[in-house]
Amino acid sequence: MTHYINKGNKAPKTGFGEGVLEAGWRNDNVIVLGADITTSVGLNLFKETYPQRFFSFGIAEQNCIGVAAGLALSDKIPVFSTYGVFAALRTTDQIRVSLCYNNLHSVIGGAHAGVSVGPDGATHQALEDIAVLRSLPNITILSPCDATQTKFAVIAAIEQLNSPVYIRFGREAVPDFTLETTKFDIGKAQELHSGNDLCIVATGNMVWEALQSAHQLKENGINARVLNIHTLKPLDEKAIIKAAVQTGAILTVEEHQVFGGLGSIIAEIVVQHHPVPMEFIGVMDCFGESGQPSELMQKYGLTSKHIEEKAIHLLKRKLT
Amino acid sequence: MTPSQLRIIADNIRIDIIKSLAAAGSGHLGGSLGLADVFTQLYFQTLKHRPAEPNWSDRDRVILSIGHVAPVLYATLAHSLYFPIEELLTLRKLNSRLQGHPSRETALPGVEVSSGSLGQGLSVAVGMTLAAQIDKMDYRIFCIMGDGELQEGSCWEAAMSASHYNMKQLIAIVDRNYCQIDGNTNDVMELEPLIDKWKAFGWNVIQCNGNDFDELGMAFTKAISSIKKPNVIIANTIMGKGVKSIEGNYHWHGKAPTLLEADNFIRQILSSQL
Ligand SMILES: [Mg+2]
């Protein structure tokens, strides 16, 4: 099994921007819509390279989604990105009717995921985007784990799908550890660490934390499997059922509300097919707040240390 | 086609709207009847389209932002030979292609986009116009909106963007009947001064009697010859137009006639032709 190392911290938005640029270089039909925060979502790269295919629409997210639908109906591949709170929540009805009901190929980037947004505080920390969007038919939801994977996720969204896609990523520069050579398989869980004592199922930037906790657990003689769920919808149900059968204990880890988020997604499958003890790490039905990202991750229980403790607690439940 | 020929087609469309709604037992009669002349003008006079080839790439696009008046769209499409007129009687029924609000999922020929959640159609039309501009295509994009719908803020986001990008190929049509479900638009939420609002958003504003073919013809000709600005035709219509006993009555916004009422309404339309 590959031993993943941090190649250096990198903001996922950079990967997002690089991916859109690369897919846009290959396909003239890629059109980017801006909603005033083009640089903070990494799309300035595309804007500077292909100004004739970048269109500014101002602070008007609902309109952007409708415009994306109109473009997609005319054989374009629209890419629209803003902070997740606006991209997914202000526009939910537009996404539901104009994009999902019409089942139109379009890419929505939800930036600023989670409390690690930091000092901006609760209004700008997307914690409910997965919960809301996953209930919409036809949508694919991607939650890549680092900048490199975000790049390949958006390329896959543009080149492999023909339906609406939401890609979620955080603001902070985080460890960039996945390999350029790893293929991005939409809908496939990635096993990043092997083990049969329990399975840590993680998504987004929490995957790195999960890996660190697995290393720590291993030193204590506990073998934890780590699954990276970069596709939240459609879910790789087989990998989850297999993990339940083979490890007998599942811990989910996400920087999102557990209600409706990864915790719910995995529990729905586990209870139907092979019930085993489960624990959840994530935001527990509350809003975020201002602070430094690392302080917030600590306060909200989202570090490798928290994962490790919860894993030990879960293992005890499994064994009693 | 002459105005009197168009009027006969519009009356036949009205009769089929009434029949389909009576068969469905629910739906929006008032607005559908009021727009029959606008739709007739569009599909039988103005539009560049090929009913036998609904996906023809050069066709003009029609976005029905007010999806609830689907009956007038369906009846007009059927009369334009997009699909058989008999199919109109499946409106709102299980497994029908004629959903309560237009659905792209059912692949009904002539339906460009699913719609029905108000305030979204103009944005979709802006996106289609943008694509036409990028591709240097000269087809036009028509977006049919309601007056009550203009209370949705997203309409104005879309309006702002259309003039920002000089979308002269875009033609919005506002069904100005002063009616919405709760009553008169003046009481529910004032829209006036409506012309000034559109002008302030950078649009070319054309006003006409939306139930008069001479005026409709002139309005569309004007809209089509725009050199820079997006165009809005404020079509003053009468809800329930053609059926004297319900004209202007907002209670008929969201109602379907009983079979008995339908019979009576159809006779009112036929007798007005004499
Ligand atoms: Mg009205």
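Every condition in (1) under 22 Å from the mean Cα position of the chain (by Cα); (2) in a helix (DSSP H, G or I); (3) within 26 Å of A:LYS183 (Cβ to Cβ) holds for A:TRP25 except the one numbered (1). Within region A:71-97, restricting attention to residues that are touching a Ser or Thr at 6+ places or on another chain (Cβ under 7 Å) and within 7 Å of another protein chain (Cβ to nearest Cβ), the residue that is farthest from B:GLU112 (Cα to Cα) is A:ASP93. Of all the listed residues (A:THR91, A:THR39, A:THR82), the sole one being modelled with pLDDT under 95 and either open to solvent by less than 10 Å² (accessible area, probe 1.4 Å) or not small (Gly, Ala, Ser) (or both) is A:THR39. Candidates in region B:52-100 are the residues that are in contact (Cβ under 8 Å) with a residue 40 or more places away in the chain and of a type in the set (D, E, K, R); of these, the one that is surrounded by the fewest Cβ atoms within 10 Å (Cβ to Cβ) is B:ASP58. Of all residue pairs spaced 6 or more apart or on separate chains, those with beta-carbon atoms under 8 Å, a first member in region B:184-212 that is within 16 Å of the ligand (Cβ to nearest atom) and a second member that is open to solvent by 60 Å² or more (accessible area, probe 1.4 Å) and in a loop (DSSP other than H, G, I, E, B) are B:ASN184/B:TYR178; B:THR185/B:TYR178; B:ASN186/B:TYR178; B:ASN186/B:GLU192; B:VAL188/B:ASP182; B:ASN211/B:ILE238.
Scanning region A:49-64 for residues that are facing chain B (nearest Cβ under 7 Å) and in a helix (DSSP H, G or I) yields A:GLN62, A:ASN63. Of all residues in region B:138-174, those that are within 16 Å of the ligand (Cβ to nearest atom) and either out of contact with any helix residue (DSSP H, G or I) (no Cβ under 9 Å at 6 or more places or on another chain) or charged (D, E, K, R) (or both) total 3. The residue list B:ILE181, B:ILE238 contains one member that is within 16 Å of the ligand (Cβ to nearest atom), in contact with an Asp or Glu (Cβ under 6 Å, 6 or more places away or on another chain) and open to solvent by 60 Å² or more (accessible area, probe 1.4 Å), which is B:ILE238.
Here the strands (runs of 3 or more DSSP E) wholly within region A:211-294 that include at least 1 residues being over 22 Å from A:MET1 (Cβ atoms), in contact with a helix residue (DSSP H, G or I) (Cβ under 9 Å, 6 or more places away or on another chain) and modelled with pLDDT of 95 or more are A:231-233, A:250-257, A:278-283. In region B:105-132, the residue that is nearest to the other protein chains (Cβ to nearest Cβ) out of those that are at pLDDT below 95 and at negative phi is B:GLU105.
Looking only at region B:29-51, residues that are more than 16 Å from B:ALA125 (Cβ to Cβ), open to solvent by less than 30 Å² (accessible area, probe 1.4 Å) and more than 16 Å from the ligand (Cβ to nearest atom) come to 3 in all. Regarding region B:220-235, can at least one residue be identified that is more than 14 Å from chain A (Cβ to nearest Cβ), within 14 Å of the ligand (Cβ to nearest atom) and closer than 28 Å to B:PHE44 by Cβ? Within region B:220-235, one or more residues are more than 14 Å from chain A (Cβ to nearest Cβ), within 14 Å of the ligand (Cβ to nearest atom) and closer than 28 Å to B:PHE44 by Cβ.
The values are calculated or read from the model by the stated rules, or taken from the named source; none is laboratory data. Computed from a predicted model, the values in this text were never measured in an experiment. All Cβ positions, even for glycine, are placed from backbone atoms using ideal geometry, and neighbour counts span all protein chains on display. Ligands, DNA and RNA are stripped out before the accessible areas are found, and what is left, the full protein with its side chains, is counted by its heavy atoms. Shrake-Rupley method; radii C 1.70, N 1.55, O 1.52, S 1.80 Å.
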